[in-house]
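Colleague: I have a structure here, written as structure tokens, and I will follow up with some questions on it.
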Amino acid sequence: RPGAIMAAADRFDITVKGGGGHAAQPHLTRDTLLAASELVVQLNTLVARAIDPCEAALLSVTRIQGGFSHNMIPAEASITGTVRTFSPTAQDTLEARLREMARHVTAAHGLQAEVSYLRYYPATVNSEAEVNLALAALSEAGFSAGVARQPALTSE
């Protein structure tokens with residue numbers, strides 16, 4: 001398939017800090033789990049509101065963790081996930097907006113966010129000449145191959 005065939009894969013880790021206390025006295029602390037939960041909901045709006053609807057991209061929250069006790073609001077909560085894009089512009093936009101959203105949502109709860117954002121695989125983008133060469137070589141070797149209908153949001 002000429003053009004984008006597999007998405008860039010990025011990983012994000014957000015730590016929400018600055019709260020914690022007894023669950024029976026929530027008015028005396030900042031609730032890291034409440035802020036993290038709100039942030040998860042808001043992160044799921046990023047692609048729809050930051051990326052052109054004609055461009056493929058996704059953001060998936062894959063893990064949320066916080067606390068060890070049934071009667072304590074934890075001092076920290078963490079959120080992990082992945083972002084998939086085909087263009088560097090979309091990748092830049094989503095990273096910047098994710099960082100901004102984490103900062104603002106946690107600040108609204110009187111908390112802080114630490115964000116780690118790792119771009120670990122770039123998008124795979126094939127040139128038309130090399131696609132044609134590969135298809136011709138497969139055909140000559142006796143294999144049946146065709147052009148993929150659409151790119152995949154999986155990555156290398």
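The values are calculated or read from the model by the stated rules, or taken from the named source; none is laboratory data. Since this is a predicted model, take the numbers as computed values, not measurements. Every residue, glycine as well, gets a Cβ built from its backbone with ideal geometry; the counts of neighbours run over all protein chains shown. In case anyone asks, the SASA skips ligands and DNA or RNA and just uses the protein heavy atoms, side chains included. Shrake-Rupley method; radii C 1.70, N 1.55, O 1.52, S 1.80 Å.
Rundown of residues vs (1) more than 24 Å from GLU38 (Cβ to Cβ); (2) open to solvent by less than 40 Å² (accessible area, probe 1.4 Å); (3) out of contact with any helix residue (DSSP H, G or I) (no Cβ under 7 Å at 6 or more places or on another chain); (4) not in a helix (DSSP H, G or I), yes/no style:
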{"site": "GLN65", "(1), (2), (3), (4)": "no, no, yes, yes"}
{"site": "ILE79", "(1), (2), (3), (4)": "no, yes, no, yes"}
{"site": "TYR120", "(1), (2), (3), (4)": "yes, no, yes, yes"}
{"site": "ASN132", "(1), (2), (3), (4)": "yes, no, yes, no"}
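Colleague: Please state which of the following conditions ALA4 fails to meet, knowing it meets all the rest: (1) closer than 21 Å to ALA113 by Cα; (2) in a strand (DSSP E or B); (3) modelled with pLDDT under 95.
Modeller: ALA4 satisfies every listed condition except (1).
Colleague: Only one residue in LEU39, LEU34, LEU28 is farther than 30 Å from SER127 by Cα and buried (at least 20 other Cβ atoms within 10 Å of the Cβ). Which one?
Modeller: Of LEU39, LEU34, LEU28, the one residue that is farther than 30 Å from SER127 by Cα and buried (at least 20 other Cβ atoms within 10 Å of the Cβ) is LEU39.
Colleague: Taking VAL125 as the residue in question, decide whether it is in contact (Cβ under 8 Å) with a residue 60 or more places away in the chain, among the β-branched types (Val, Ile, Thr) and not in a strand (DSSP E or B).
Modeller: no
Colleague: Still on this structure: Considering only region 60-106, state which residues are of a type in the set (A, V, I, L, M, F, W, C) and free of Cβ contacts under 8 Å to residues at least 12 places away in the same chain.
Modeller: Residues satisfying the conditions are PHE68, ALA96.
Colleague: Kindly provide the set of residues from region 89-108 that are surrounded by 19 or more Cβ atoms within 10 Å (Cβ to Cβ) and either more than 12 Å from the chain's Cα centre (by Cα) or closer than 19 Å to SER37 by Cβ (or both), ordered by number.
Modeller: Scanning region 89-108 gives LEU98, MET101, ALA102, VAL105, THR106.
Colleague: Looking only at region 7-47, count every residue that is in contact with a Pro (Cβ under 8 Å, 6 or more places away or on another chain), aliphatic (A, V, I, L, M) and in a helix (DSSP H, G or I) and tell me the total.
Modeller: Number satisfying all stated conditions: 1.
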